[in-house]
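The block underneath contains the structure these notes are about, expressed in structure tokens.
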Amino acid sequence: MTISKRLPLPHDWWDRYDVSAVDNVGVDPNEGRLVYRLFVGKPGEPRRRTVPARVNLLEDFIQLADHKSDVIEAFARRYGVLLLCERHNLPATHLMLDPGDAVEQKVSESVSYVGPSARHGFRDGCPLRQTGDGRWWEPIREWRRLSREARAVLFVGSALHEGRDGNLDDWKVLLDDDQLDPDRIPASLEARWWVVCEHINDWLTWGRVQLRVARGAEGPDVTIGGNSLFAALALELMGTVGRRGLATCYACGRPYFISRRPPAGRRNFCGDCGAKAASRYSKRDKYEQTRKERTAARSGRRRRR
């Protein structure tokens, strides 16, 4: 699988990427695992299948945390698999500290973040899980875990951009603490952004996203890319949060993906609520305005009497 992006980074990050290495994707519901075959082509052999990488690839991925295994299977059939290693349940391209222990880092005086951001040194020997019949597999629960993490990064990032604290459940995911109290969320905006940015950096590191120089029609081209579906997700995670690609729907209150930030003070609506919600609130505004004008007019008549 190969993806690449030309700098400066646009919102539609890449055009196509190869998924020919994965085939025969299926789900074993009894074992809770996603099963697939890996195809290894000969050097110089043309790609068998590519799919268009879309801006809402990440949007589809963060919804997997709440869906059944058949939805995850459909996603994997279309976009490929995460290639999670057996030891760490991270993409096989990840970076780790030897012997792989997490590092505790200070966020503030009262809050520490235990995560892999300080890990270094390639661990290319991490094996993938293999079945007895020569296929490969990875736990569906780990797909949901990573989906929840990406969603928490996006939702907290959206909240911070809009001057809000973020949902407590999302902070529980980011700080890896199911019993997290609200008063243990980092107090300063800088510390909160630090946690969000470290998670994004982790994803970029796990996907081995890096700058490259590629031959172009007019000479060398500087690109940024990786070699997997996970790298594509990490790139879009960085682009969405860094370019303020989320807004909160005024009607339903859920974050949604945007191509540009709406003007401050103006209502905005997600695709599900859309024009119907906008029309409903517009009628409500007109009704309230008419009611205020009538109330003011009645008050004026009473004073004249």
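Data for the structure
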| quantity | calculated |
| --- | --- |
| Answer from LEU168, LEU180, LEU174 - the residue that is surrounded by 11 or more Cβ atoms within 10 Å (Cβ to Cβ) and under 22 Å from ALA234 (Cβ atoms) | LEU174 |
| Where a residue in segment 137-162 is under 17 Å from ALA234 (Cα atoms) and its partner, wherever it lies, is surrounded by fewer than 21 Cβ atoms within 10 Å (Cβ to Cβ) and of a type in the set (Lys, Arg), with Cβ under 9 Å and at least six apart | ALA152/LYS172; PHE155/ARG254; GLY157/ARG244; SER158/ARG164; SER158/ARG244 |
| Failed item in (1) at pLDDT 80 or above; (2) surrounded by 15 or more Cβ atoms within 10 Å (Cβ to Cβ); (3) touching an Asp or Glu at 6+ places or on another chain (Cβ under 9 Å); (4) farther than 22 Å from VAL195 by Cβ, with ARG123 passing the rest | (1) |
| Lone qualifier among LEU160, LEU154 - being modelled with pLDDT of 90 or more, crowded, with 21+ Cβ neighbours inside 10 Å and either in contact with a helix residue (DSSP H, G or I) (Cβ under 8 Å, 6 or more places away or on another chain) or part of a loop (DSSP other than H, G, I, E, B) (or both) | LEU154 |
| Set GLY32, GLY80: member being modelled with pLDDT of 80 or more, in contact with a strand residue (DSSP E or B) (Cβ under 9 Å, 6 or more places away or on another chain), surrounded by 16 or more Cβ atoms within 10 Å (Cβ to Cβ) and among the small types (Gly, Ala, Ser) | GLY80 |
| Any pair with Cβ under 7 angstrom, 6 or more apart, that starts in segment 276-291 at a residue that is part of a helix (DSSP H, G or I) and ends at one that is surrounded by 10 or more Cβ atoms within 10 Å (Cβ to Cβ) and not aliphatic (A, V, I, L, M) | ALA277/PHE269; ALA278/PHE269; TYR281/ARG267 |
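Yes/no per residue for (1) farther than 30 Å from GLY80 by Cβ; (2) of a type in the set (Asp, Glu):
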| site | (1), (2) |
| --- | --- |
| ALA150 | no, no |
| ASP183 | yes, yes |
| LEU189 | yes, no |
| VAL196 | no, no |
| ASP202 | no, yes |
| LEU211 | no, no |
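The values are calculated or read from the model by the stated rules, or taken from the named source; none is laboratory data. Since we're looking at a predicted model, the values are computed, not measured. A quick note on method: Cβ atoms are made from the backbone with ideal geometry, for glycine too, and the neighbour counts reach across all protein chains shown.
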